[in-house]
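Asker: I have a structure here, written as structure tokens, and I will follow up with some questions on it.
Read the figures in this text as sums done on the coordinates, not as results from a lab. Model, not experiment: these values are computed from the prediction.
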């Protein structure tokens, strides 16, 4: 495969979990990993991690609760108009600048037709 795989979900998108233990929860995407096709969503897939006390100057040990990555197929973008999950379509527009025609790609919500 040449290059990184493309994902339609980007950082700071509002997404809803559509399957798994956190089904129905909404959150903002913190980070995206296109290589492993996983996203880190705020408040979703929380795990407890036992952390050992660090070196001098490091943090104290204990039990930490953090988010774990979730597969991109288990989340859907939330439609800005309805607040419900929707698929994404790419719309290409021809824009003319300085006598040149340029193609601009925009992500669009399938349900409402609004730009994302």
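Asker: For the chain, modelled as a GNM with alpha-carbon contacts under 10 angstrom, which of 61, 24, 83 fluctuates the most?
Answerer: 61
Asker: Follow-up question, since we're still on this one. Taking the Cα centroid of the stretch 7-54 and of the stretch 94-116, what is the distance between the two, rounded to the nearest whole Å?
Answerer: 28
Asker: Next question. Please work out whether the stretch 19-62 counts as rounded, prolate or oblate from its C-alpha gyration tensor, where a ≥ b ≥ c are the square roots of the eigenvalues and a/c under 1.5 means rounded, while otherwise a/b larger than b/c means prolate and anything else oblate?
Answerer: Prolate.
Asker: Consider the candidate values (1) 0.94; (2) 1.27; (3) 1.41; state which one is Cα Rg over 2.2 N^0.38 Å computed from the structure displayed.
Answerer: (3)
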